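Engineer: Below you'll find the structure I mean.
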Amino acid sequence: MSKAKIRIPTPLRSFTGGSDEVEIDGADVRAALRHLGEKHGGLLPRILDAEGGLRPFVNLYVSGKNIRALNGLDTEVKDGDVLSIVPAVAGGVF
Amino acid sequence: MRHAILDGVGGTPLIELTDDTLPRGVRLFAKLESVNPGGSIKDRPVSRMITQALEAGKFEGGRRLLDSSSGNAGIAYAMLGAALGVPVTIVVPGNASRERQERIRAHGAELILTDPIEGYDFALREARRLGIERADRYWHCDQYGNENNWRAHYEGTGVEILEQVRARTGGAPDCFVGGVGTGGTITGTGRRLREENPGVRIVSVIPDVFPGIEGLKPLGDPHDIVPAILDESLIDDRVDVTMEDAIRICHRLARRGLFVGPSSGAYVHVALQQAMSGRYPVVVTLLNDTGERYVSTEMWR
């Protein structure tokens, strides 16, 4: 079990009581997300689809690396890692 | 001197989206904005804002055009700035896709990247801050508050829709589906269409808060920045769309030869719903940008 932090993007902070960072435990990204979901209800359906995979246009980074380029949700989480949830597009403006 | 690239902006085709399931007598049309020289509808407001600023002498003394963008406006500013000799600085969130960032740089524009976690409004506030604190270096174009943004759609997009729909159907649109990013499109186009037909139904697409749809604001959170040029009184109805709904339509459109991005998919998803209701004989919407801009998001896989 590793202790890590997960950074929360602005649109999801309504689920975390306004916090921009949440402490989580988990040996891999899947376990870390499960822990995040237990702490803050309603958050996981924004990130994962019904089958438990990452939703399209959602990217997860572990200490700066996109998990899609690593082992996906099985990517290992080490003590002190910082996870970030980042939408694939910059949001924005027409 | 007017640069030739400006003449390529606007005058886009109106495509009829036929579908066997549409009620009898109902027709659905969409303006193909991806054929603008910069690949998106943003060429319209940006060309007007930049030429008006140039005429007003805003860039004298080497002052740079500054604005925030998530991509399409940034590309339009960079491209038209390069063509017209206007130096450009764009503030974008760091998660703007690589193809966008590289295109903006390729035109010689300066990019300022903000923290992706803080979202788009943070980039907007950063542009505002720089525009005030470094007024010697930057002129903040401010697409959210610039009247030339909605006017480009009032005199361009809206007029074109009226002319093209009249030529095809003999009448004016009964329903227009758009969305809010800066508010320029729905305010300018909506105003023009309503002047022609006061009964026109104007519908705004509302994306999920997360993951959102590039270019569209959900406008549900009290902390969201509401664009100054948006005239909310024009909007009759707001309809929710998810990213999955939008992508599904993008794939359907691609099979018909129309390669467009997620906001176009979202618009067509809602436009189809309005058409299926049978209440509006002529429904019009927009195909905002090219799908090539989203290859790195894996939406086409």
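The values are calculated or read from the model by the stated rules, or taken from the named source; none is laboratory data. Predicted, not measured: the structure shown is a model, and the values here were computed from it. Positions of Cβ are backbone-derived with ideal geometry, glycine not excepted, and every protein chain shown enters the neighbour counts. Protein only, heavy atoms only, side chains kept; ligands, DNA and RNA dropped before computing areas. Shrake-Rupley method; radii C 1.70, N 1.55, O 1.52, S 1.80 Å.
Engineer: Kindly sort B:98, A:55 by accessible area of their heavy atoms, largest first, with the probe set to 1.4 Å.
Structural biologist: B:98, A:55
Engineer: Using modelled amide H (1.01 Å from N, peptide plane; none on Pro or chain starts), what sits under 5 Å from the amide H of residue B:238, excluding residues fewer than 5 places away?
Structural biologist: Placed amide hydrogens put B:204 under 5 Å from residue B:238.
Engineer: So how much accessible area does residue B:175 have, in Å² to the nearest 10, using a 1.4 Å probe?
Structural biologist: Roughly 0 Å² of residue B:175 is accessible to a 1.4 Å probe.
Engineer: If you don't mind, another one. In Å and whole numbers, how far do the C-alpha atoms of the protein assembly as shown stretch along each principal axis, longest first?
Structural biologist: Rounded to whole Å, the extents work out to 68, 60, 35 Å.
Engineer: Mean Kyte-Doolittle hydropathy of 1.0 or higher plus an axial Cα length of 15 Å or more: which whole DSSP H helices in chain B meet both?
Structural biologist: In chain B, the long hydrophobic H runs are B:72-84.
Engineer: When a/c reaches 1.5 or more, the comparison of a/b and b/c decides; with that in mind, is the range B:142-301 rounded, prolate or oblate per its Cα gyration tensor?
Structural biologist: Oblate, since a/c reaches 1.5 and b/c is not below a/b.
Engineer: I would also like to ask the following. With all protein chains present, how much of the accessible area of chain B (probe radius 1.4 Å) comes from carbon and sulfur, to the nearest whole percent?
Structural biologist: On chain B, the fraction of accessible area on carbon and sulfur atoms equals 47 percent.
Engineer: A further question on this structure: Give the Cα extents of chain B along the principal axes, in whole Å, largest first.
Structural biologist: Answer, in whole Å and largest first: 60, 40, 36 Å.
Engineer: Which value, to two decimals, describes the C-alpha radius of gyration of the range B:43-140 once divided by 2.2 N^0.38 Å?
Structural biologist: That ratio works out to 0.99.
Engineer: Apply 1/(1 + (r/R0)^6) to the Cβ-Cβ distance of residue B:159 and residue A:69, taking R0 = 41 Å, and write down the FRET efficiency to the nearest 0.05.
Structural biologist: Here the calculated transfer efficiency is 0.30.
Engineer: Please work out the average accessible area per residue across chain A, using the 1.4 Å probe convention, and give it in Å².
Structural biologist: 46 Å²
Engineer: Can you give me the long-range amide H partners of residue B:27? Hydrogens built in the peptide plane at 1.01 Å from N, cutoff under 5 Å, separation of 5 or more residues or another chain.
Structural biologist: B:282, B:283
Engineer: Sticking with this structure for a sec: Would you check the accessible area of residue A:48, probe 1.4 Å, heavy atoms only, in square angstrom rounded to 10?
Structural biologist: Ignoring ligands and nucleic acids, residue A:48 comes out at about 30 Å².
Engineer: Using modelled backbone amide H atoms (1.01 Å from N, in-plane), which distant-in-sequence or interchain residues come within less than 5 Å of residue A:2's amide H?
Structural biologist: Distant-sequence amide H within range of residue A:2: A:26, A:27.
Engineer: Counting only protein chains, not ligands or nucleic acids, how are A:15, A:57 ordered by accessible area (probe 1.4 Å), most first?
Structural biologist: I get A:15, A:57, largest accessible area first.
Engineer: Can you give me the solvent accessible area of residue B:292 with a 1.4 Å probe, rounded to the nearest 10 Å²?
Structural biologist: Result for residue B:292: roughly 120 Å² accessible.
Engineer: Over the range B:43-140, give the accessible area per residue in Å² for a 1.4 Å probe, as an integer.
Structural biologist: Here the residues of the range B:43-140 average 38 Å² of exposed surface.
Engineer: Ignoring ligands, DNA and RNA and using a 1.4 Å probe, state the total buried accessible area between A and B in Å², rounded to the nearest 100.
Structural biologist: So the buried area, both faces added, is about 2700 Å².
Engineer: Can you tell me which of B:277, B:264, B:70 moves the most in a GNM of chain B? Springs connect C-alpha atoms under 10 Å apart.
Structural biologist: B:277
Engineer: Which of the residues in the range B:102-134 lose at least 30 Å² of accessible area when you go from the chain alone to all protein chains together (probe 1.4 Å)?
Structural biologist: So the qualifying set is B:117, B:118, B:120.
Engineer: Follow-up. Name the most mobile residue of B:153, B:223, B:140, meaning the one with the largest mean-square fluctuation, in a Gaussian network model of chain B with Cα contacts below 10 Å.
Structural biologist: Looking only at B:153, B:223, B:140, the biggest GNM fluctuation is shown by B:223.
Engineer: Follow-up. Work out which residues of the range B:274-297 lose at minimum 30 square angstrom of accessible surface when the other protein chains are put back, relative to the chain isolated, with a 1.4 angstrom probe, and list them by number.
Structural biologist: Flagged in the range B:274-297: B:297.
Engineer: Now a separate question. If I compute solvent accessible area with a 1.4 Å probe over the protein chains, what percent of it on the range A:23-79 is carbon and sulfur?
Structural biologist: 47 percent
Engineer: Now for a different question. When the Kirkwood hydrodynamic radius is evaluated over all pairs of different C-alpha atoms of the range B:129-183, what value in angstrom, to one decimal, is obtained?
Structural biologist: 13.9 Å
Engineer: Do any residues of the range B:40-70 lose at least 20 Å² of accessible area when the full set of protein chains is present rather than just their chain alone, and if so which, with a 1.4 Å probe?
Structural biologist: In the range B:40-70, residues shielded by partner chains: B:42, B:70.
Engineer: If you don't mind, another one. Among B:60, B:110, what's the order by accessible area (1.4 angstrom probe), most exposed first?
Structural biologist: Ranked from most to least accessible, the order is B:60, B:110.
Engineer: Semi-axes of the equivalent ellipsoid for the range A:3-87, please: Cα gyration tensor eigenvalues, times 5, square-rooted, ordered largest first, whole Å.
Structural biologist: 17, 15, 12
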